[in-house]
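Just below is one structure, and these are the notes that go with it.
The values are calculated or read from the model by the stated rules, or taken from the named source; none is laboratory data. Note that this is a predicted model, so its numbers are computed, not measured. Neighbour counts run over all protein chains shown; Cβ positions are idealised from the backbone, glycine included.
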Protein chains: 4
Amino acid sequence: MENSFGRLFTITSFGESHGRCVGVIVDGCPAGLIITEEDIQREVDKRKPGVGTITTRRVEEDKVEVLSGIFNGHTTGAPICLLIWNKDVDSSEYEKIRFLPRPGHADYTAFMKHGGFNDFRGGGRFSGRITATFVMAGAIAKKLLSLINIEVLAHTIEIGGIKAKPKGFEEIRKNVWGNPVRCADLKAAEEMTRVIEKVKKEGDSIGGIIEGIALNVPVGLGEPVFDTLEGELAKALFAIPAIKGIEFGSGFSAAGKRGSENNDPFTIRNGEIVTVTNNAGGILGGISNGMPIVVRVAVKPTSSIARSQETVNMESMESSSLVVGGRHDTCIVPRAVVVVKSMMAVTLCDFAMRAGLIPEVIK
Amino acid sequence: MENSFGRLFTITSFGESHGRCVGVIVDGCPAGLIITEEDIQREVDKRKPGVGTITTRRVEEDKVEVLSGIFNGHTTGAPICLLIWNKDVDSSEYEKIRFLPRPGHADYTAFMKHGGFNDFRGGGRFSGRITATFVMAGAIAKKLLSLINIEVLAHTIEIGGIKAKPKGFEEIRKNVWGNPVRCADLKAAEEMTRVIEKVKKEGDSIGGIIEGIALNVPVGLGEPVFDTLEGELAKALFAIPAIKGIEFGSGFSAAGKRGSENNDPFTIRNGEIVTVTNNAGGILGGISNGMPIVVRVAVKPTSSIARSQETVNMESMESSSLVVGGRHDTCIVPRAVVVVKSMMAVTLCDFAMRAGLIPEVIK
Amino acid sequence: MENSFGRLFTITSFGESHGRCVGVIVDGCPAGLIITEEDIQREVDKRKPGVGTITTRRVEEDKVEVLSGIFNGHTTGAPICLLIWNKDVDSSEYEKIRFLPRPGHADYTAFMKHGGFNDFRGGGRFSGRITATFVMAGAIAKKLLSLINIEVLAHTIEIGGIKAKPKGFEEIRKNVWGNPVRCADLKAAEEMTRVIEKVKKEGDSIGGIIEGIALNVPVGLGEPVFDTLEGELAKALFAIPAIKGIEFGSGFSAAGKRGSENNDPFTIRNGEIVTVTNNAGGILGGISNGMPIVVRVAVKPTSSIARSQETVNMESMESSSLVVGGRHDTCIVPRAVVVVKSMMAVTLCDFAMRAGLIPEVIK
Amino acid sequence: MENSFGRLFTITSFGESHGRCVGVIVDGCPAGLIITEEDIQREVDKRKPGVGTITTRRVEEDKVEVLSGIFNGHTTGAPICLLIWNKDVDSSEYEKIRFLPRPGHADYTAFMKHGGFNDFRGGGRFSGRITATFVMAGAIAKKLLSLINIEVLAHTIEIGGIKAKPKGFEEIRKNVWGNPVRCADLKAAEEMTRVIEKVKKEGDSIGGIIEGIALNVPVGLGEPVFDTLEGELAKALFAIPAIKGIEFGSGFSAAGKRGSENNDPFTIRNGEIVTVTNNAGGILGGISNGMPIVVRVAVKPTSSIARSQETVNMESMESSSLVVGGRHDTCIVPRAVVVVKSMMAVTLCDFAMRAGLIPEVIK
């Protein structure tokens, strides 16, 4: 069940980049949830950075289809199969480099693990395109979480060294999907866009940092000692290609702090226990403490670059070089924002169900 | 199964800090492995920073007992139960602060999640003491991995802002367990020790960073798309209290790099495909690529400090303050080093079994 | 993951009787297995009792499509999605009886469990049609098992009180798929056919017993103490609607035997340890002992009958009666034979993989 | 996780017959359940047929100890470890027959599966003694189920061909634990006792049938399509050594019935939908329908008999014979009654938790 995630709200991803389709099964979704193909399509469209701002020309692509589990506008309690057919794509480029693993990509490990039988076209099962299946599942999770007022946000906070200024939740909600880099700080967004264009011209690529935030998470989600909120969120987020680091709350900076600085004092606000600061990122002992869940992930620079790179021929075992052709994102951070949000929603939905917060039937 | 981890090599932890014992069940261990209580004791003793250097006075504590699964010096294929009896401890201190959650600790979330029925004494199930169960399981994993030449190292690379100089594997092997801070850079180790002493005098605490390294991991461990090597290692390591961040290879620094810098070119060395650099930390597409697995975790400063802290009384719902009494580690980084190593071993052992590298019976 | 089965060779079923499709994801299949849509189609066609004997007119229906995981004629190691589109069907009959649960069917429990949101058309998720997804997965399992010489047979041994005479494996192989009731005893098969026709005329239905046999299963499959061979096979087979009993070897008759009769003495044949008799059905302590695995399942009479039956209106909570319209099998035993075979194959394949008998890559 | 069972209420069994102990971890039990060692002891004592009737001399044996998870008389939400220390036993008898597998026992399969490293003394991990761990877990499940009024009964209905007359629930409750064969029909109980004594004198053994009944199970427990109530109960019950068959409701007899006889008509009683008959054994489509769950299991005759049996020497690979020494139950059916009840309770408890009927915290 390597391709499945979640204990009670379980998603199973399938499909390849240049195969017939990419799809996902959502098993364990309560019956009675009102959901439409449009609800899911709207999330999937957010993987396309241009949409809603610069251009909408690709909206017709990646059309979501519901194959099972939704009937008369409601979920039925049966597994929900969601699918996107792949358009006919030219895979000839990949035939040429079949034995030349692209540095930074999974070509070499996939070839070795699957004995050369892997579908290598477009990265096959390891393509970023697979994250569209995460987003489809996330759209359902989002709807379920909205029933208990949990909201998940995500935004770009750094690209190519340009850091966004901290912004409030309202600005994040308002600004993120309206600019191509998914950044709430519109001024930084412009700079990031310029950096991306510059790096693109140089035939290179860049990475960045995405922050995810979950609001109104009640106290008590997460399970000691192994199914911690941090552990499951990390596992969910490392399923996104290119993510190489994750931190919660003060994260790596906590390593250099004193306990007296990093501990979040408790206080009472509006009759409820809260913490004055949120260095814990909303998680104590692996369990949500009622404060916003704050997570940041490091996205490495896109592995595909338009420059010649050193590699080897896996068949002849000789040194070689290759230039990765085709159109590639200079920076995949913007595309990954909705994916981070989706995997957070899937994880929190699973924990909410474990905690009995979402019933078997929605009425 | 919140207290279980691993698909084929499965560990189940139990016990509380001030209860009768802490223990672990290791299920799925092949039959025929030669292992003794001493093999396990040796690893457990590494959780005590003083051992082997400053003092050995606590060696008699934490004695490992084998309750099942080992017979005539070999594992039998049946579940292995390993246990450490807790010594009689004075829990009166904890009775006093039962309703006063210590900032940074899981007292508040445990109380809320378990409706106040949690064993609060000494942190109960959320105590660092629980990691002794991880180390016992790790000792078995270590033995299994040694059969296929996989070796796991871990060392402190930063404490309280003091960074260790990069050291080779040989120095790490030689130096780590001989100094109280588990650092391979002996000069830095001295500075770290001094910082810890200074902070201790101030009644405060500090955190740091631990690096884990796995050597000789064959190409192909890790499963797309959810059971990635990064994802499972992260889940395993976030089970260690106080860890708030994790990164692989170039990790967070990759966010600021160009693809042309961060991609690891392939080349051939001694007839085998290797990468020239190791920014990927030995993992591509969630699968090991044959290079050393390199992971770093951020450890927050110990939550228990000898200063007055703001908190609330969960019963009366009034503001309060507390001073955490008793003896506490100023820095838990040194203790956590063997725990990081152990959880890495457990995770890699599970993946090695999934890949069929370790047979059902060791001959 | 209620719709998933298997630890390493995992199948996830989806789809409804009158929805768009029925399908299955096979996750964990090794890469490199040569398999075609025809291999799978051939098994699926065996669910249609008429095929190969009385008529082949329905062969064009239930066409299997591969959506992912197979590339250039080989499995790739990625999840395999297999799907059958449903033909346009008239569901109006079901609209009428939406609130009138059919006795013996899951209409009532499905309605209650899913709050009336279940897709009730044609039994929805509880239809026998779902077993087509088991057969598709079984076709892949069969191919994998053939690599290690394991063969699974199934045949009807009783219908409507008519018992088949015991037949050898060769006769079972030869005769089963050539007669409409899937019985190796051709004389009994004729009688069974006559009984079915008679009962059909009476507007009633009948049940029967199917025997499954697995040959060349090596010693050692099955895991103590919960994942026993009997336990997992039972779980797999009870997923088939209408199965209400299961027994292994001498089964229920063992309850009336003496130990001296029922124990299978060990002896040596051709240098190998075997048992003289096989009352154990090839399983001792939940583990295969090298003898043929023998299992029998009781199939209840088809719940749909052409007679008026007592029921209640779930909406008005009044007594009612209903006559189930449409075309129904008088006896579903013949259709279930290939399904029993398929679920046995899936289960054994999973155990063979756990035992390391099938590698990650088929070469 | 072969030694674990249950998705949310998970039990993990460990220990061997002649090792240090047998034990179980119960993970997922809600916090706040009031439970004492006596509650658990009382169930474990029911495994000793003599207790309460003929003799109580063995009451001091098999003393249950709580090692974790219970604090101040309540469960804490942490894993509960329950353990019984083994008394010093003489294993010399087993040393002698180490290479002579006892017919009907798991000696041969255990030896082969675990490469001869298995703890063979007293059957090791395959001993009936392991079922004491199921009973300890069942005692906790029983307490949880009592909170939602679910009651589980079990009783012997056949031994050595003697069949008990059907009895009402009240008689079962009243009579079962007061007679050594655990039969509600006291007249049949006497006959069964006589048969057991007769067979014992002949140096032979006999089997029988146990019926389990669950009352007040609400509609809706059980999950389509694989985690059916029948499937999970079957898996749970096949973990009990010596069980070789299982049936629900009319079970195997349904194979010979007509649909018009076997279908249970629906009607309304006291404002609730019920079925007039209960051929379904309380389960439709794998889901409870509100009627009593009725399951019957076939127990084979005890494999250990006091007669010479044919076997082989696994070391020398020569034919041999053996007489199993020591004290053995002529019929293990009476001992197994509480085990059947316990495993049913464990399974239903898990399903009740999946259905959200038991909260995370008991108040």
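Points worth noting:
- Matching residues in region C:108-124 - criterion: being within 8 Å of chain D (Cβ to nearest Cβ) and closer than 22 Å to C:Arg20 by Cβ: C:Ala110
- Neighbours by Cβ (under 9 Å, 6+ apart or cross-chain): first from region D:311-332, within 11 Å of chain C (Cβ to nearest Cβ); second assigned to a loop (DSSP other than H, G, I, E, B) and of a type in the set (Phe, Trp, Tyr): D:Val312/D:Phe99; D:Asn313/D:Phe99; D:Met314/D:Phe99; D:Ser316/D:Phe99; D:Ser320/D:Phe99
- In region C:333-363, residue farthest from the other protein chains (Cβ to nearest Cβ) [restricted to those that are small (Gly, Ala, Ser) and assigned to a helix (DSSP H, G or I)]: C:Ala345
- Filter result (on the phi < 0 side of the Ramachandran plot, of a type outside the set (Val, Ile, Thr), over 17 Å from the mean Cα position of the chain (by Cα) and modelled with pLDDT under 95) within region A:36-65: A:Gly50, A:Arg57, A:Arg58, A:Glu60, A:Glu61
- Listed by first and then second residue, the pairs with beta-carbon distance under 8 Å, at least 6 apart or on different chains, first residue in region D:176-189 and free of Cβ contacts under 8 Å to residues at least 60 places away in the same chain, second among the aromatic types (Phe, Trp, Tyr), form an empty list.
- When we screen B:Gly281, B:Gly203 for residues that are in contact with a strand residue (DSSP E or B) (Cβ under 8 Å, 6 or more places away or on another chain) and either part of a loop (DSSP other than H, G, I, E, B) or modelled with pLDDT under 95 (or both), the only hit is B:Gly281.
- Unmet requirement for C:Asp88, which otherwise passes all of (1) on the phi < 0 side of the Ramachandran plot; (2) within 14 Å of chain D (Cβ to nearest Cβ): (2)
- Residue match in region D:243-255 (condition: free of Cβ contacts under 8 Å to residues at least 40 places away in the same chain, among the hydroxyl-bearing types (Ser, Thr, Tyr), over 30 Å from A:Arg7 (Cβ atoms) and buried (at least 20 other Cβ atoms within 10 Å of the Cβ)): yes
- Candidate set from region D:251-270 (those that are within 7 Å of chain C (Cβ to nearest Cβ) and in a loop (DSSP other than H, G, I, E, B)); member that is farthest from the chain's Cα centre (by Cα): D:Pro265
Quick grid of which residues meet (1) aliphatic (A, V, I, L, M); (2) closer than 20 Å to A:Lys341 by Cα; (3) within 13 Å of chain B (Cβ to nearest Cβ):
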residue: A:Ser4; (1), (2), (3): no, yes, yes
residue: A:Arg7; (1), (2), (3): no, yes, yes
residue: A:Ser13; (1), (2), (3): no, yes, yes
residue: A:His18; (1), (2), (3): no, no, no
residue: A:Cys21; (1), (2), (3): no, no, no
residue: A:Cys29; (1), (2), (3): no, yes, no
residue: A:Thr36; (1), (2), (3): no, yes, no
residue: A:Glu43; (1), (2), (3): no, yes, no
residue: A:Pro49; (1), (2), (3): no, yes, no
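- Selection within region A:71-91 - β-branched (Val, Ile, Thr) and modelled with pLDDT under 95: A:Val89
- Qualifying residue in region D:171-184 (condition: in contact with an Asp or Glu (Cβ under 9 Å, 6 or more places away or on another chain), among the small types (Gly, Ala, Ser) and under 15 Å from D:Ala298 (Cβ atoms)): no
- Residue that is nearest to the chain's Cα centre (by Cα), among those in region D:11-35 that are of a type in the set (S, T, N, Q) and crowded, with 24+ Cβ neighbours inside 10 Å: D:Ser13
- The set of residues from region D:143-160 being more than 11 Å from D:Val333 (Cβ to Cβ) and either out of contact with any helix residue (DSSP H, G or I) (no Cβ under 8 Å at 6 or more places or on another chain) or modelled with pLDDT under 95 (or both) comprises D:Ser146, D:Leu147, D:Asn149.
- Entry remark, region A:125-138: residues being touching a Lys or Arg at 6+ places or on another chain (Cβ under 9 Å), more than 14 Å from chain C (Cβ to nearest Cβ) and surrounded by 24 or more Cβ atoms within 10 Å (Cβ to Cβ) number 3 in total.
- The requirement of being of a type in the set (A, V, I, L, M, F, W, C), within 27 Å of C:Phe111 (Cα to Cα) and modelled with pLDDT of 95 or more is not satisfied by D:Val338.
- The number of residues in region B:213-236 that are under 17 Å from the mean Cα position of the chain (by Cα) and crowded, with 24+ Cβ neighbours inside 10 Å comes to 9.
- Subset of region D:80-101 (residues that are in contact with a helix residue (DSSP H, G or I) (Cβ under 8 Å, 6 or more places away or on another chain), more than 26 Å from C:Val274 (Cβ to Cβ) and surrounded by 20 or more Cβ atoms within 10 Å (Cβ to Cβ)): D:Ile80, D:Leu82, D:Ile84
- Answer residue from region B:295-312, given it is among the small types (Gly, Ala, Ser) and outside any loop (DSSP other than H, G, I, E, B) and is farthest from B:Val323 (Cα to Cα) among those: B:Ala298
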